[in-house]
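Note sheet for the following structure.
The values are calculated or read from the model by the stated rules, or taken from the named source; none is laboratory data. Remember, predicted model here, so these are calculated numbers, not experimental data. Note: ideal-geometry Cβ built from the backbone for every residue, glycine included; neighbour counts use all protein chains shown.
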Amino acid sequence: MTVVQGEVADRQTAQTEQARPVIRNTPVDKKSATQSRRKSAVPVITIDGPSGSGKGTIASAVAEQLGFHFLDSGALYRVVALASLKNNIDEHNTMALVELARSAEIEFRRGADGDSQVFLSGQNVTRDLRREEVGDCASRVATIPKLRSELLTRQRLWRKPPGLVADGRDMGTVIFPDAILKIYLTASAEIRAERRHKQLIDKGIEANIAGLLADITARDERDHNREIAPLKPAEDSVMIDSSALSIEEVVTKVLDFAGNRI
Ligand code: C5P
């Protein structure tokens with residue numbers, strides 16, 4: 001693994017949602033998804049890392065610069081979590097949760113100001129998805145193996161010409177193991193809590209840093225230690241510590257790496 005350290009003490013936060021292409025999550029065809037993965041030469045860049053490392057913002061910006069599609073895989077887990085909370089589905093009711101992951105009508109659309117909006121069954125749930133309660137529930141439902149395999153199939157359908165930038169926890173290790181570039185983006189838990197705090201406040205959502213730090217630490221623990229698809233750098237990944245880097249600096253580093261491989 002290659003490790004890239006940040007030198008510039010710029011803690012500019014990873015807040016700005018970038019414009020993303022409109023991507024529809026089309027009905028699942030497991031056979032063709034597997035076949036197209038095997039045959040496809042469509043380039044994929046994966047950006048994995050813990051909560052609040054800025055990977056969503058970076059992945060979206062890199063996708064825009066390259067004219068690639070963008071997959072925010074965490075949003076899929078969050079949608080399933082939100083739907084389960086709305087429908088009072090018990091977290092232990094695996095069958096019902098897996099069915100939600102299979103059938104949820106998820107759509108990404110571009111909002112009026114260019115940012116990405118997520119729709120569940122035609123309803124805009126973008127704001128709800130960012131709630132800590134939803135993120136927390138997402139990291140618990142994400143430990144269910146059958147649910148992950150339903151979402152695995154759906155995620156691979158995002159791989160379309162001219163290319164894809166996908167962010168999450170297991171993009172490089174499980175979903176797109178043949179990606180041309182795998183980035184593992186990290187930052188200290190304290191900096192990630194500060195970033196999340198600013199992000200929520202900017203969106204008019206109340207939050208306190210101590211609570212966010214505790215949530216982030218608990219979620220890291222769960223994501224790193226779960227049995228299936230734990231959060232870990234792929235062996236062939238490039239590690240970037242964004243603690244002291246601005247968004248632009250990280251985007252430039254990723255594009256430099258990508259430039260050598262596309
Ligand atoms: O990235 P985000 O914070 O939106 O993800 C919410 C949760 O979904 C994570 O804490 C993680 O447990 C889960 N997740 C996952 N695999 C992914 C993306 C997200 O397990 N590829």
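Data for the structure
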{"item": "All helices (runs of 4 or more DSSP H) inside region 35-140 with 2 or more residues being closer than 28 Å to ARG192 by Cα", "result": "55-66, 73-86, 126-129"}
{"item": "In region 151-178, residue surrounded by the fewest Cβ atoms within 10 Å (Cβ to Cβ) [restricted to those that are away from the ligand (no atom under 13 Å from the Cβ) and under 16 Å from ASP48 (Cα atoms)]", "result": "ASP178"}
{"item": "The lone exception for ARG110 - which of (1) crowded, with 17+ Cβ neighbours inside 10 Å; (2) at pLDDT below 95 it fails", "result": "(1)"}
{"item": "Enumeration of residues in region 234-262 that are of a type in the set (S, T, N, Q) and closer than 15 Å to ALA187 by Cβ", "result": "SER242, SER243, SER246"}
{"item": "Residue within region 241-258 that is touching a Leu at 6+ places or on another chain (Cβ under 7 Å), aromatic (Phe, Trp, Tyr), away from the ligand (no atom under 12 Å from the Cβ) and modelled with pLDDT of 95 or more present", "result": "yes"}
{"item": "Options LYS182, LYS146, LYS203; residue that is charged (D, E, K, R), within 15 Å of the ligand (Cβ to nearest atom), at pLDDT 95 or above and closer than 20 Å to LYS55 by Cβ", "result": "LYS182"}
{"item": "Residues satisfying the stated conditions in region 190-211, i.e. in contact (Cβ under 8 Å) with a residue 40 or more places away in the chain and surrounded by 14 or more Cβ atoms within 10 Å (Cβ to Cβ)", "result": "ILE191, ARG192, ALA193, GLU194, ARG195, ARG196, LYS198, GLN199, LEU200, ALA207"}
{"item": "Residues satisfying the stated conditions in region 167-221, i.e. hydroxyl-bearing (Ser, Thr, Tyr) and either in a strand (DSSP E or B) or within 26 Å of ARG127 (Cβ to Cβ) (or both)", "result": "TYR184, THR186, THR217"}
{"item": "Members of region 215-225 found to be more than 8 Å from the ligand (Cβ to nearest atom) and either surrounded by fewer than 17 Cβ atoms within 10 Å (Cβ to Cβ) or within 10 Å of ALA142 (Cβ to Cβ) (or both), listed by number", "result": "THR217, ALA218, GLU221, HIS224, ASN225"}
